[in-house]
Amino acid sequence: MALSWCLGAALALVCGSLWPQVHSGVAPENEVPLRPTTWLPEGKITSVTLPKGRTRRLYFTLKKKAPGMSVTVSPCDLPIEWTLAARTLKDKPLKNLQWSTKKSMPEVWWRGPGTEEKIHSNTGNAVESYNGPSYPSASIYILRLRSKQQNTRATVYLHEGLGPSGIFPLLPADPQVHTLGVGMTSVTLSWAPSASITSLPHTQTSYEYCVLVNSQENYPSLCAAQKSMRNEKDQKQEKKDRRSRVTVWPILKEWWWQQWDTYPESPQSPPASLTDEYEDLQCVCQGTESVCTVSELLPETQYYFDVFVVDRLNGTSMAYKGTLARTHEEARPAITTLREGELRWVTFQDRGFSSEQFFSFRPRGWQQSGLLTLQSCGEGEKVKVTVSSKGQVLTSQAVGRELVHIWLQGSTSYLIHLKREGTAMDHTSAVTDPSLPEGLTASVKMQTSSAYHRRGVPSLPSTLQIKSFNRLRGCNSVTLAWMGTEERSLYCVYRRKLGSREAEAGGASALTAPCLGPESRSDTERVLCKYFQELNPRRAVTTAVIGGLEPGMAYVFDVYLMRRWGIPIKYTSKMVKTRKEC
């Protein structure tokens with residue numbers, strides 16, 4: 001055993017003396033594991049995946065007589081750091097050098113002795129280009145890219161020569177997008193035209209503008225816009241798949257493939273056009289015009305606008321400096337507050353075919369219940385009332401000559417919308433009732449009141465007709481009868497003496513207007529007021545003897561049902577003529 005050990009040690013010493021001395025500089029214990037090497041081709045767009053916190057290196061060389069170069073880096077959506085350096089080797093590596101593992105030529109140059117000079121560096125998410133002369137002494141150029149925030153990607157383009165590459169569209173000196181006008185649902189934009197579009201013949205259409213709008217942020221590139229829209233789709237799909245079962249294997253499987261995805265395949269040529277790559281983008285304006293009006297926007301909403309000039313032939317684009325604008329708020333109509341028990345004459349100042357007014361009402365009491373009463377006063381008017389609360393429509397119906405009762409319950413406030421939709425005859429004619437005091441023009445009479453102890457709409461008489469008894473008609477008095485309700489209510493009778501001409505004409509011209517309530521009548525016209533109640537609706541008939549009349553004169557009698565809630569109910573006017581001789 002001792003002899004075998006001595007022979008092994010001697011053999012190791014002999015072999016060690018025969019090993020080349022240069023190998024000591026690349027001994028396995030001193031090696032640092034390197035990532036797979038990626039060559040950067042000239043004249044092709046190369047897509048690079050950037051894992052978070054890892055530095056990706058791209059290597060390239062230039063032709064011997066190349067006077068200059070340009071390197072363009074286009075981040076997708078996140079800021080990245082990138083540097084361009086030139087490395088010069090002192091001695092070329094030996095081709096017959098023996099390596100412990102198979103290594104690529106850039107790795108050999110990287111491990112060999114030499115110097116490195118930093119040419120350019122940049123940090124941000126905007127497209128940046130380096131244009132400069134070549135380094136004759138440089139053996140290889142190294143482009144390093146790094147993302148600190150999240151996983152992202154970028155594209156790199158290498159061009160040999162001092163002139164422009166022509167692969168990217170040109171931006172004007174002022175790339176800012178300007179706002180020409182802002183409306184309630186539209187925004188008009190303008191921007192300086194691109195030289196790539198203005199210098200093109202009319203027959204060529206490879207360049208065009210694409211305007212995007214969103215409510216989140218300005219996009220630095222079309223790639224960022226595409227990624228944002230894909231994320232929105234993924235989030236919607238994720239909500240649908242939340243109920244699906246999640247196991248450990250799919251998570252490990254996804255992680256495994258993500259690790260492989262961090263090492264991209266060999267660079268590929270870009271597509272011939274952007275149609276397939278950006279098919280999800282919806283340009284609100286597209287073409288060669290440098291003015292765009294974006295419509296169908298929401299009022300009082302902030303929007304972000306981005307303009308891109310796209311080269312569909314080479315599959316590249318450049319972004320203008322986006323802007324933002326807030327649309328104007330929607331014109332809110334004036335809302336009038338209704339007081340408790342207030343009787344309001346609603347007039348429409350607009351004599352056009354359509355006009356509207358808004359009112360608000362807050363019922364009193366903890367029950368939050370109330371009664372809305374309406375009556376149309378115009379001849380042939382088409383009026384519609386809509387009651388809503390907290391944005392929800394509670395009821396909507398037409399308002400006619402008959403009283404409309406709407407029961408309000410369950411909300412602290414109500415919005416009442418009255419809309420005049422025009423007249424059945426001429427919509428330009430004014431709705432004026434000559435019998436109204438002081439020439440009042442009114443379309444709807446309305447009243448709102450809180451109902452503290454009621455559970456619904458009050459009962460109404462079965463008929464609003466007034467009956468007079470011919471046998472009980474005298475020279476100085478007449479007897480009237482009308483239907484009441486099962487609720488105890490106050491009934492008031494008014495009279496109005498007609499002249500000879502009105503009595504001879506008779507008919508509707510002599511009768512009192514339906515909207516003329518007791519508040520518009522003179523106290524001298526009031527004859528009597530009495531309370532009446534009958535639990536049996538069929539027997540709810542009450543009578544009144546009206547005296548103090550003149551013989552042979554015509555009178556118009558009106559009966560009003562005075563209620564605590566709502567508009568007083570007017571019975572149909574009755575014309576009666578006293579006897580001349582008794």
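The values are calculated or read from the model by the stated rules, or taken from the named source; none is laboratory data. Everything numeric here is computed off the predicted structure, so don't read it as measured data. Don't worry about glycine lacking a Cβ; one is built from the backbone with ideal geometry, like all the others, and counts go over all protein chains shown. Side chains are part of the model used for accessible areas, which takes the heavy atoms of the whole protein and leaves out ligands, DNA and RNA. Shrake-Rupley method; radii C 1.70, N 1.55, O 1.52, S 1.80 Å.
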Give a residue-ordered list of calculated ³J(HN,Hα) values for the range 170-185 (Karplus: 6.51 cos²θ - 1.76 cosθ + 1.60, θ = phi - 60°; whole Hz; x for Gly, Pro). 8, 9, x, 5, 10, x, 6, 8, 10, 9, 7, x, 10, x, 7, 10
Rounded accessible area of Glu421 (nearest 10 Å², 1.4 Å probe): 70 Å²
What's the FRET efficiency of Gln302 with Thr337 using the Cβ-Cβ distance as r and R₀ = 25 Å, to the nearest 0.05? 0.20
Please give, to one decimal in nm, the separation of the simple spin-label points placed at Arg538 and Thr198, each 7 Å out from Cα toward the Cβ. 9.4 nm
Given the pairs Lys236/Lys321; Lys118/Lys148; Lys148/Lys240; Lys467/Lys497; Lys497/Lys580; Lys90/Lys118, which are separated by over 23 angstrom at their Cα positions? Lys236/Lys321; Lys148/Lys240
Keeping all protein chains in place, calculate the accessible area per residue for the range 466-577 (probe 1.4 angstrom), answer in Å². 51 Å²
What do you get for Rg/Rh over the range 466-577 if you use C-alpha atoms and the Kirkwood form of Rh? 0.96
Rounded to the nearest 0.05, what FRET efficiency do Glu356 and Gln176 have when you use their Cβ-Cβ distance and R0 = 60 Å? 0.90
Compute the signed sum of charges (Lys and Arg +1, Asp and Glu -1) over the other residues within less than 13 Å, Cβ to Cβ, of Ala325. -1
From the phi of every residue in the range 295-308, what ³J(HN,Hα) in whole Hz does the Karplus formula 6.51 cos²θ - 1.76 cosθ + 1.60 yield, where θ is phi - 60° and glycine or proline is x? 10, 6, 9, 8, x, 6, 9, 8, 10, 10, 10, 10, 10, 10
Between Lys530 and Asn214, what length comes free when the chain is fully extended (0.36 nm per residue of separation minus the Cα-Cα distance, one decimal in nm)? 106.8 nm
Which whole-number value in Å³ per residue fits the convex hull of the alpha carbons of the range 299-363? 175 Å³
When ranked by the protection proxy of mean other Cβ atoms within 10 Å per residue, highest first, what sequence do the peptides 295-307, 68-80 form? 68-80, 295-307
Any idea how far apart Glu238 and Glu81 come out in nm if each label point goes 7 Å out from Cα toward Cβ? 2.9 nm
Quote the convex hull volume per residue of the range 315-418, based on C-alpha atoms, as a whole number of Å³. 218 Å³
Subtracting the Cα-Cα distance of Glu581 and Ser206 from 0.36 nm times their residue separation yields 124.4 nm
Express in Å², to the nearest 10, the accessible area of Trp407 obtained by rolling a 1.4 Å probe over the protein heavy atoms while all chains stay in place. 60 Å²
Compute the FRET efficiency between Ala66 and Asn122 as 1/(1 + (r/R0)^6), taking r as their Cβ-Cβ distance and R0 = 25 Å, and round to the nearest 0.05. 0.65
